[in-house]
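**Student:** Sharing a structure, written as structure tokens. Questions coming.
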Amino acid sequence: MTETLVLNGEPLPTVTLELLRATSYGHFSSMQVRDGRVDGLDLHFERLDRSSREVFGQPLDADRVRRDLRTALAQERDCSLRVNVFSLGGDLDVLIRRSEPIEPGTTPLRLRPIQHQRALPHLKHTGTFDLIYHARQATAAGYDDAIFHTAAGEISEASIWNICFARGTTIVFPAARVLAGIRQQVLQRGLATFEMRPVHFDDLSTYDAAYLTNSIDPALPVAAIGARTFAPHPESAATIAAAYASQEAQAI
């Protein structure tokens, strides 16, 4: 598959310096497409509109985004799509990148705790330098990625993932300020019940498992957070799998 760029519904053969400068201030949403369908597509539309109103003071119509997604999708049924929203002038510009599909990971990750909070954590904005920096530092220290926490030791999110924890079959999401990931919201829709509460490092021994979620990985097990290790936990894994199975992907 050839990587493809679609700007405002038109294929883009080259990228100008003006475009590169403009895309440094904006927001985005990433999705995996399988058989022309996306998990939580309506949530992506809602995120893009809400963020556009906050960042640019303008709405972003879901029908416009859907048309551009269909143009970018072309004849492909399985791929990765990233929707960037920015402004070259007064109106909103939408740049969509289509690339190869990415399969979920299978190896549980070891996370390095780092005190950090993203700027404007509720927005999926293009300021990702700090995320990449801390992830690279964690890798250099022998971990797979970073997990962020407040000065009080309250866990929030990982570099490109939300995180949830399990006590038996009860799924717990951190109450700290984070980006409400689309996959996390899909999971919450499918769960009969779940909890949102502060999760501190001192509490980790009370949890049976932890899972990372994002557009690629619906439930990637966590092997360790710092010195706290987690063993496979079939009960909570089955609960999460059933929750996702109850939610149908939506056609572009």
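**Student:** Do you know which residues across the stretch 88-99 are part of a loop (DSSP other than H, G, I, E, B) and buried (at least 17 other Cβ atoms within 10 Å of the Cβ)?
**Tutor:** Leu92
**Student:** Only one of these is in contact with a helix residue (DSSP H, G or I) (Cβ under 9 Å, 6 or more places away or on another chain), touching a residue at least 40 places away in the same chain (Cβ under 8 Å) and open to solvent by less than 50 Å² (accessible area, probe 1.4 Å): Val65, Val38, Val55. Name it.
**Tutor:** Result: Val38 is the single residue among Val65, Val38, Val55 that is in contact with a helix residue (DSSP H, G or I) (Cβ under 9 Å, 6 or more places away or on another chain), touching a residue at least 40 places away in the same chain (Cβ under 8 Å) and open to solvent by less than 50 Å² (accessible area, probe 1.4 Å).
**Student:** Mind checking which residues of the stretch 205-218 are surrounded by fewer than 20 Cβ atoms within 10 Å (Cβ to Cβ) and in contact (Cβ under 8 Å) with a residue 24 or more places away in the chain?
**Tutor:** If the condition is that a residue be surrounded by fewer than 20 Cβ atoms within 10 Å (Cβ to Cβ) and in contact (Cβ under 8 Å) with a residue 24 or more places away in the chain, then Thr206, Asp208, Ile216 are the ones that fit.
**Student:** Condition first: outside any loop (DSSP other than H, G, I, E, B) and open to solvent by less than 80 Å² (accessible area, probe 1.4 Å). Now tell me which residues in the stretch 11-33 satisfy that.
**Tutor:** Leu19, Ala22, His27, Phe28, Ser29, Ser30, Met31, Gln32, Val33
**Student:** So if I check each of Arg77, Arg118, which one is among the basic types (Lys, Arg), touching a residue at least 24 places away in the same chain (Cβ under 8 Å) and closer than 24 Å to Tyr211 by Cβ?
**Tutor:** Arg118
**Student:** Same structure again: Would it be correct to say that Leu19 is in contact with a Leu (Cβ under 9 Å, 6 or more places away or on another chain) and without any contact (Cβ under 8 Å) to a residue 60 or more places away in the chain?
**Tutor:** Taking the combined requirement at face value, the residue does not satisfy it.
**Student:** In the stretch 100-118, what residues are open to solvent by 40 Å² or more (accessible area, probe 1.4 Å) and either in a strand (DSSP E or B) or closer than 13 Å to Ile163 by Cβ (or both)?
**Tutor:** Within the stretch 100-118, Pro108, Arg110, Arg112, Pro113, Gln115 meet the criteria.
**Student:** Just to verify a result, which residue in the stretch 53-75, among those that are modelled with pLDDT of 95 or more and in a loop (DSSP other than H, G, I, E, B), is farthest from Leu12 (Cα to Cα)?
**Tutor:** Gly57
**Student:** Criterion first (within 25 Å of Arg50 (Cβ to Cβ) and either in contact (Cβ under 8 Å) with a residue 60 or more places away in the chain or among the small types (Gly, Ala, Ser) (or both)) does Ile160 satisfy it?
**Tutor:** So Ile160 does not fit the description; no.
The values are calculated or read from the model by the stated rules, or taken from the named source; none is laboratory data. Note that the structure is predicted; figures quoted are calculated from it, not measured. Neighbour counts run over all protein chains shown; Cβ positions are idealised from the backbone, glycine included. Each accessible area value is taken on the protein alone, full model and side chains, heavy atoms only, with ligands, DNA and RNA left out. Shrake-Rupley method; radii C 1.70, N 1.55, O 1.52, S 1.80 Å.
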